[in-house]
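Encoded as structure tokens, the structure appears first; notes follow it.
Read the figures in this text as sums done on the coordinates, not as results from a lab. Computed from a prediction, not measured in an experiment: that's the story for all the values here. Every residue, glycine as well, gets a Cβ built from its backbone with ideal geometry; the counts of neighbours run over all protein chains shown.
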Amino acid sequence: MAISGHLKRAKEKNRRNAYVLACHLGLFFNILRPELIRFLLYVGETSVSLSLEKSLELYEQMYLMRRFEESAAQSYTERKIGGFLHLYIGQEAVATGVIAATEEKDYVVTSYRDHAHYLAKGGTAREGMAELFGKEGGCSGGRGGSMHFFDAEKRFMGGWGIVGAHVPLAAGIGFAAKYKNDGTVAVCFLGEGAVSIGPFHEGMCLAALWKLPVVFVVENNRYAMGTPIHRTMSTEDVSTRALAYPMARATVDGCDLDESYEQARIAVKRAREQSLPTLLEYKTYRYRGHSMADPAKYRTKDELEEWKRRDPLNLLKTKLTAKGVEESVFKQIEDKVEAEVVDCKEFAEQSPEPAAETLADFVYI
Ligand SMILES: Cc1ncc(C[n+]2csc(CCOP(=O)(O)OP(=O)(O)O)c2C)c(N)n1
Ligand SMILES: [Mg+2]
């Protein structure tokens, strides 16, 4: 009896061991499979660099983003802008490089830190600033403000305030593109603070399951409001979120415009030609607080200074100077942008307030 009991227990233990081994092997292959896909997808890709002319055009765009927001910050302190104001300063190479890799017909959707994405998608500084001022001439008729820039005609699908909630929308846009077979791609920008939230996983799950032409761009600026990433994730490698679905992934230097463009170009091509999603993690940093109301005391001066040494605008300028672009060329671009920023503020100030009788327009009651 004692022997048969012993044998029974030994058999059970063996079964348990076999089960644990099978689980480990399953886990191993589950992780290996997307990594293999990732490797195969990159094989045969030759890099395409930005021309000098295009780089200068994008420098102008980045300089406009920077000066547009510095001007907005000034207007905010003058109380000309109400509500929230989340600045993108420091992250410009991400939106610029990624959107440069798309076509006009492609869709972009993003979170509340949306001014730069709107400008990169063809939005005007005038309509952007008027939106911040809450005026009729704004891109959302003055009803959206900083967090809700929209321009459906330009295929800029907003400006969303609920963290992660726009990720399933991006999957929906990708689904429509695939259903209509119109060759368009959806690009979804989100913060690293969104990758542990339910809707992020719902969107990722469907994009992988239905093989949707979507590029998810996580802008990892290391903080979600005042919470550093190490307090909410067990890994610093945000791109590993792609492994579960599985989906191709890459980690990108978000300060370097060329790399930003190149990795997005590969992902957009994959979406357009093979109808496959990608998760790109861009390592970046915001120089200001979460919003104008945040003095950002949760980080050290040294940390901020270290990131500022890799300022995306300076990095690009240094690279272009090394290629022979003279200071006078930058000066010309910067003067043009300064005039545009002055003009957009004047436009915003002169644009009328929305009429009182339109108060309930665009509102679901
Ligand atoms: C579902 C939800 N929870 C909480 C908030 C409050 N909130 C606004 S922004 C934010 C942090 C998001 O950080 P991240 O995604 O990293 O974007 P970043 O601000 O760094 O661009 C939080 C928690 C919200 N808007 N929505
Ligand atoms: Mg963040």
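In whole percent, what relative contact order does the chain give with Cα contacts below 8 Å and a gap of six or more residues?
On the way: 631 pairs, mean separation 77.5, N = 365.
After rounding, I find 21 percent.
Do any of 105/323; 54/121; 80/317; 105/269; 105/336; 135/317 go past 25 Å between their Cα atoms, and which? Over 25 Å Cα-Cα: 105/323; 80/317; 105/336; 135/317. Among 290, 230, 166, determine the one that fluctuates most according to a GNM of the chain built with springs between C-alpha atoms less than 10 Å apart. Of 290, 230, 166, the Gaussian network model singles out 230 as fluctuating most. The distance linking the stretch 94-150 with the stretch 329-343 is 20 Å (Cα centroid to Cα centroid, whole angstrom). Compactness of the stretch 54-350 is given as radius of gyration and Dmax, 18.2, 52 Å, from Cα positions. For the stretch 114-157, the convex hull spanned by the alpha carbon atoms encloses 53 Å³ per residue. Phi angles across the stretch 126-137 convert, under the Karplus curve 6.51 cos²θ - 1.76 cosθ + 1.60 with θ = phi - 60°, into 3J(HN,Hα) values of 4, 5, x, 5, 4, 5, 4, 7, x, 9, 4, x Hz, Gly and Pro given as x. Remark: the stretch 264-351 carries a charge dipole of roughly 660 debye about the Cα centre, counting +1 on each Lys and Arg Cβ and -1 on each Asp and Glu Cβ. Mean-square fluctuation check for the chain, GNM, Cα pairs under 10 Å: which of 313, 209, 190 is largest? Highest fluctuation of the listed residues: 209.
For the stretch 221-328, the percent of C-alpha pairs falling in each 5 Å distance bin, counted from 0 to the bin holding the largest distance, reads 2, 10, 15, 17, 17, 16, 12, 8, 3, 0, 0. FRET efficiency for residue 353 and residue 237, Cβ-Cβ distance as r, R0 = 56 Å, nearest 0.05? Between residue 353 and residue 237 the formula returns 0.70.
Modelled this way, with points 7 Å down the Cα-to-C-beta line, the labels at residue 9 and residue 211 are 5.3 nm from one another. Charge dipole of the chain (Cα centre as origin; +1 on each Lys and Arg Cβ, -1 on each Asp and Glu Cβ, all else neutral): 2380 debye, rounded to the nearest 20.
Spin-label point model (7 Å from Cα, Cβ direction): what's the residue 314 to residue 80 distance in nm? Result for the modelled spin labels: 2.9 nm. Placing pseudo-labels 7 Å out from each Cα toward the beta carbon at residue 52 and residue 365 gives an inter-label distance of 6.1 nm.
For residue 252, the residues 5 or more places off, or on other chains, whose built amide H falls under 5 Å of its own are 281, 282, 283. Couplings 3J(HN,Hα) for the stretch 331-339, derived from phi with the Karplus relation 6.51 cos²θ - 1.76 cosθ + 1.60 (θ = phi - 60°), are 4, 4, 4, 5, 5, 4, 5, 4, 5 Hz, where x marks Gly and Pro. Here the Karplus curve 6.51 cos²θ - 1.76 cosθ + 1.60, taken at θ = phi - 60°, turns the phi angles of the stretch 171-179 into couplings of 4, x, 5, x, 5, 4, 4, 5, 4 Hz, with x standing for Gly and Pro.
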